[in-house]
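Here's the structure we're looking at; comments come further down.
Please treat every number below as a calculation from the coordinates, not as lab data. These numbers come from a predicted model, not from an experiment. Here Cβ is always computed from backbone atoms with ideal geometry, including for glycine, and neighbour counts include all displayed protein chains.
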Amino acid sequence: MINDCTAGSNAAPARACAACALCERTTVLDSYLCENCRLDTGDRLKQLPVMYDELTLMLFRTRQRPADDGPRARTVEPPTPNLAGLDLRAQFAVLPSWRNALLDAMRRPGPAVTGDLGARVVDAAGVLREHLGWVAAEWPAAGDFAAEIRDLFNDVRTVAGEPELAARMGPCPQVVDGRPCGAPLLLPDRESVVRCQWCGATYPPGVWLALRRAQDELAAPARSDAA
């Protein structure tokens, strides 16, 4: 999907001006992921190792059977596996796979990581976050990578009950002291009004189209500089 914008002659024609490979809504210049999707992917990578640990704790449930003869007579039934949790935990193997693919693409092979899957998840998430800027700007697989991270995060959240990520709504265009505020706007889960945490401006759904137009006007000078 190619949107209507221009870039300098030195930009790669296939990437100079295109839709974000993940959200397909935001125009990006000479990149594969928009800034919002890059930041969201980083947030997910930061949370996934913690979610893996929480999922592991949920894998087995122990049930005590009460007895009439006091605590000494209590028996504990064998743990019952949480099959949904087992399946999801196995899906975390996608993180080490993407870590290896990224290092190969960067021609920077890293040392082999030993240990259980949990240790490899922690290592992979750290490596992927560290090079996320390169992923967004240089890696043709960025869209597929970010989509798999998003899908894994959402699947685990349905079991572990993790809260929704706040939706990123771009920079705040409110003029403050003669200049656009520019602070990142976030829409928390289950809320419908965007509120700038810096200048206090609010944007209900009825003005979101005007908000996007104002943000496009803010981005116009940057496009002109790139041309």
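So, R0 is 35 Å and r is the distance between the beta-carbons of residue 176 and residue 137; what FRET efficiency does that work out to, to 0.05? Can you show the working numbers first?
Values: r = 30 Å, r/R0 = 0.86.
The computed FRET efficiency comes out at 0.70.
If the segment from residue 53 to residue 199 were pulled out straight at 0.36 nm per residue, it would be longer than the present Cα-Cα gap by 48.8 nm. The string of couplings for region 203-210 from the Karplus curve (6.51, -1.76, 1.60, θ = phi - 60°) is 9, x, x, x, 10, 5, 5, 5 Hz, one whole number per residue in order, with x for Gly and Pro.
Summarising the amide proton neighbourhood of residue 22: residues at separation of 5 or more, or on other chains, whose placed amide H is nearer than 5 Å comprise 34.
Hey, got a sec? Which trypsin sites (Lys or Arg not before Pro) in region 93-128 land in a DSSP loop and have at most 10 other Cβ atoms within 10 Å? Answer by residue number: 107. Between amide H atoms placed 1.01 Å from N, distances below 5 Å from residue 30 occur with 16, 17, 18, all of them 5 or more places distant or on a separate chain. Close amide-amide hydrogen proximity is noted between residue 194 and 203, each under 5 Å apart and 5 or more residues distant or on a separate chain (H modeled in the peptide plane; Pro and chain starts excluded). Here residue 113 and residue 218 are evaluated by their C-beta separation; at R0 = 41 Å the FRET efficiency comes out at 0.45.
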